Amino acid sequence: MAVAARSQEVGAEAPWPGKRWELRSALRAGRRARDASRRTGRDPAVQLIRAGQALVLEGEGQFTVRQLADRAGVALQTFYRHFGSKDELLLAVLEENVEDGVEEMEAIAARETDPVEQLRVVVQLPILMSTEPEAYRRLRFHARERLPLSELDPAESELAFAPYRRIVEDHIRRVDRATSRVAAAPARDADLVMRLVVAYAHAIGIGALPWSADECADHLWEFCRAALWRTPGAAVEPVEPVESGA
């Protein structure tokens, strides 16, 4: 019988493709490995991911598994005990980069006292951070690897960006609670904002954006602010065609 291992942020649950005892056994093994890592202070999986993050900044992901293992200070066999392929490692690096970025955004947004300003910071920061050399190199890596990784594992690639979607939704709801504004559909709206921001951030990463980062961030925020607190279900008036003069 398939068992739901964890729910997706948007969409159906991802089933465990085996039997229940297999899932329980895998979870117990994972807990034992985690406890052992805490006792020794060394987690090979974390070491490999951190090494991957460093190599991405240095060579934009152009490294071999052996180079990665050497950088992490672990044996090649250790890599394959934790990751099935380099692509799985790159997905983990992408996930950790998003988590790290979200933590930084939360800290910066917390400096604002107005919930609307906090949301503005969360929407604009992925774009504005692209002006920093290290963040720009990460963006280039994300932009280049996101599509291949999405084709390889669509569900996991989607979940990699879930932390940013959550922070956007959280701040939309904070605005709702603190002001008279009420978002029409916070969860779905957060998903739309996330996809829009990621698309523009990745366009910057590949050099495909004709505007400056500041212009993009300003326009993006104005667009999102107008869309988020629209009238739910409001109909758009049709535009009458202009007749040409005879």
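Only the coordinates and a few stated rules stand behind these numbers; no lab work does. The shown structure was predicted, so the numbers you read here are calculated from the model rather than taken from an experiment. Neighbour counts are summed over all protein chains in view; Cβ atoms, including those assigned to glycine, are modelled from backbone coordinates with ideal geometry.
Which value, in debye to the nearest 20, describes the size of the charge dipole of the range 90-228 about its Cα centre when Lys and Arg Cβ atoms bear +1, Asp and Glu Cβ atoms bear -1, and nothing else is charged?
The calculated dipole for the range 90-228 is roughly 360 debye.
Arrange the peptides 116-129, 177-190 so that the one whose residues have, on average, the most other Cβ atoms within 10 Å appears first.
116-129, 177-190
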